[in-house]
1. With a Cα-only, solvent-free Debye model of the range 78-121, what are the log10 I(q)/I(0) values at q = 0.14, 0.18 Å⁻¹?
2. What list of ³J(HN,Hα) values in whole Hz, one per residue of the range 38-44 in order, does the Karplus curve 6.51 cos²θ - 1.76 cosθ + 1.60 (θ = phi - 60°) give from phi, with Gly and Pro shown as x?
3. Nearest 5 is fine: what % of DSSP beta bridges in the range 1-141 come out antiparallel, could you say?
4. Could you tell me what percent of the accessible area of the range 81-163 is made up of carbon and sulfur, with a 1.4 Å probe and every protein chain present?
5. Can you check what the Kirkwood hydrodynamic radius comes to for the chain, Cα pairs only, in Å to one decimal?
6. What does the charge count near residue 9 come to, summing +1 for each Lys or Arg and -1 for each Asp or Glu among other residues with Cβ under 11 Å from its Cβ?
7. Residue-wise, which Karplus ³J(HN,Hα) couplings in Hz belong to the range 121-131, taking 6.51 cos²θ - 1.76 cosθ + 1.60, θ = phi - 60°, and x for glycine or proline?
8. Do any GluC sites (Glu not before Pro) in the range 85-176 lie in a loop, going by DSSP, with at most 11 other beta-carbon atoms within 10 Å of their beta carbon, and if so which?
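The values are calculated or read from the model by the stated rules, or taken from the named source; none is laboratory data. Model, not experiment: these values are computed from the prediction. Glycine gets a Cβ as well: all are built from the backbone with ideal geometry, and neighbour counts include every protein chain shown. Ligands, DNA and RNA are excluded from the accessible area calculation, which covers all protein heavy atoms including side chains. Shrake-Rupley method; radii C 1.70, N 1.55, O 1.52, S 1.80 Å.
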Amino acid sequence: APGSRIGTCSLRRKVQLELIRPDINTSDIRGNVDTRLKKMDSGMYDGIILACAGLSRLNLNNRISEVLDWYYAPGPGALAAEIRIDNFAIKSIIESVTEKAVMQQVIAERAFIHRLNGGCHIPIGVKCSVNDAMLKLDGWLSSQDGSRIISDCISGKLDEASSIGTLLAEKLIAQGAGDIL
């Protein structure tokens, strides 16, 4: 309803919500997932926005009432393993469970955010998809107040993920992203 209080700890989510629903009041919400859910359940918030990946990992899918097709932070829900360079046995195990398409998506997303030198203080988001051997990366950048938005997309071969991320960042920089950053 208009005037509802929605909690989120993400500036990126806050800006996206306010762009489509300026009649909603957004508020920062802190704490772990359980704490945030309790704050909502107690009536402090009419709703909260959390990452689906985190809720799924905690087996809290029943708490998801709607999935928003919004720009997300690069690499959501991606797991990483760090191993010694000479540990070939573990490397082989890791490679056997690695999904190439997911790995390439994460590589593209991270190259994008790295080239923009982005962090938590500027709303930056991506949407990445893979179809056959092609990767599509959408990038989005906003001023903190949402008054200026720059977005674009690029596609390319799956094995060119790093270049795709970097090239998309360059496109946003050419459109004025440097002024926001």
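1. -0.46, -0.68
2. These are the phi-based 3J(HN,Hα) values: 5, 4, 5, 4, 7, x, 5 Hz.
3. Close to 65 percent.
4. 52
5. 18.0
6. +4
7. 9, 10, x, 10, x, 9, 9, 10, 9, 10, 9
8. Sites meeting the loop and neighbour criteria: 99.
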